[in-house]
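Enquirer: Got a structure here, written out as structure tokens. Questions coming.
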Amino acid sequence: MAEDKRVGPPHAGSERETLRAFLDYHRATLAMKCEGLTDAELRQRSMPPSTLSLLALVRHMAEVERAWFRRVFEDNDAPMVWSDEIDFQAAYDDSASTRAEAFAAWEAEVEHSRRIERAAPSLDLTGRQPRWDEEVSLRMVMVHVLLEYGRHNGHADLLREGVDGVVGA
């Protein structure tokens, strides 16, 4: 893995600054875990019968970003990235995927999420989570997505070690 260029969260920032920084830190962690690997290495699965791979995690997090930011605050009917139906498992099928495709989709969704968050007047902004048919706050969305990254970055640690023995970060 390359040099660690992640920016840590502020030690005394506001709630919003802290959530934003932790989210960006975890986004950078996922990207860092994938650095320097070929498409084939990124598709290497954890263990049968799991379809979990680093590339699948990137694809899944594109879906998470879209489902929790774009679909909640802009367009409840926006299609998912990798499936015509609301099927989060479709992202884990990386058999025909490439780094370029997966990262382009993920990075686009991250930027879209950042625009939504920055444009919001406060963390109290609410939107409708279509899967639950309930109102949720931007605060809840940011915490939920942060937890998704935290959990999946733990998976990424193990997957990266399994690919080439690299540990850390």
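Enquirer: Would you check if there is a residue in the range 33-46 being among the hydrophobic types (A, V, I, L, M, F, W, C), open to solvent by 70 Å² or more (accessible area, probe 1.4 Å) and over 15 Å from residue 106 (Cα atoms)?
Expert: Within the range 33-46, none of the residues are among the hydrophobic types (A, V, I, L, M, F, W, C), open to solvent by 70 Å² or more (accessible area, probe 1.4 Å) and over 15 Å from residue 106 (Cα atoms).
Enquirer: If you check every pair at least six apart or on different chains, which have Cβ atoms under 6 Å apart with a residue in the range 1-28 that is more than 27 Å from residue 160 (Cβ to Cβ) first and a residue that is outside any loop (DSSP other than H, G, I, E, B) and open to solvent by 40 Å² or more (accessible area, probe 1.4 Å) second?
Expert: Correct list of pairs: 10/17.
Enquirer: Let me ask something else. Name every residue in the range 55-88 that is free of Cβ contacts under 8 Å to residues at least 24 places away in the same chain and either in a helix (DSSP H, G or I) or not small (Gly, Ala, Ser) (or both), in order of residue number.
Expert: Passing the criteria: 75, 79, 80, 82, 84, 85, 87.
Enquirer: If you don't mind, there's one more thing I want to ask. If you check residue 101 against the conditions, is it surrounded by 14 or more Cβ atoms within 10 Å (Cβ to Cβ), part of a helix (DSSP H, G or I) and out of contact with any Lys or Arg (no Cβ under 9 Å at 6 or more places or on another chain)?
Expert: So residue 101 fails the test.
Enquirer: Sticking with this one: With the requirement that a residue be over 17 Å from the mean Cα position of the chain (by Cα), surrounded by fewer than 16 Cβ atoms within 10 Å (Cβ to Cβ) and under 24 Å from residue 16 (Cα atoms), what does the range 131-168 give you?
Expert: Answer for the range 131-168, where residues must be over 17 Å from the mean Cα position of the chain (by Cα), surrounded by fewer than 16 Cβ atoms within 10 Å (Cβ to Cβ) and under 24 Å from residue 16 (Cα atoms): 134, 135.
Enquirer: Taking residue 159 as meeting all but one of (1) at pLDDT 95 or above; (2) assigned to a loop (DSSP other than H, G, I, E, B), write down the number of the exception.
Expert: The single condition residue 159 does not satisfy is (2).
Enquirer: Sticking with this structure for a sec: Give me the residue from the range 68-97 that is at pLDDT 95 or above and of a type outside the set (D, E, K, R) and, out of that set, surrounded by the most Cβ atoms within 10 Å (Cβ to Cβ).
Expert: 72
Enquirer: Still on this structure, please answer the following. Restricting the search to the range 14-29, which residues are open to solvent by less than 30 Å² (accessible area, probe 1.4 Å) and in contact with a helix residue (DSSP H, G or I) (Cβ under 9 Å, 6 or more places away or on another chain)?
Expert: 19, 23, 27, 29
Enquirer: Applying the selection to the range 104-130, what residues are open to solvent by 80 Å² or more (accessible area, probe 1.4 Å) and either under 23 Å from residue 43 (Cα atoms) or part of a loop (DSSP other than H, G, I, E, B) (or both)?
Expert: 107, 121, 124
Enquirer: Residue under question is residue 47, and the condition is that it be without any contact (Cβ under 8 Å) to a residue 24 or more places away in the chain, closer than 23 Å to residue 160 by Cβ and among the aliphatic types (A, V, I, L, M); does it hold?
Expert: yes
Enquirer: Look at the range 87-119 and say how many of its residues are over 17 Å from residue 67 (Cβ atoms), hydrophobic (A, V, I, L, M, F, W, C) and more than 12 Å from the chain's Cα centre (by Cα).
Expert: Matching residues across the range 87-119 total 4.
Enquirer: For the range 147-155, indicate whether the set of residues that are charged (D, E, K, R) and part of a helix (DSSP H, G or I) is non-empty.
Expert: yes
Enquirer: Can you tell me which condition residue 52 does not meet? The list is (1) in a loop (DSSP other than H, G, I, E, B); (2) in contact with a Phe, Trp or Tyr (Cβ under 6 Å, 6 or more places away or on another chain), and all the others hold.
Expert: Condition not satisfied by residue 52: (2).
The values are calculated or read from the model by the stated rules, or taken from the named source; none is laboratory data. The shown structure was predicted, so the numbers you read here are calculated from the model rather than taken from an experiment. Positions of Cβ are backbone-derived with ideal geometry, glycine not excepted, and every protein chain shown enters the neighbour counts. Surface areas here come from the heavy atoms of the whole protein model, side chains and all, with no ligands, DNA or RNA. Shrake-Rupley method; radii C 1.70, N 1.55, O 1.52, S 1.80 Å.
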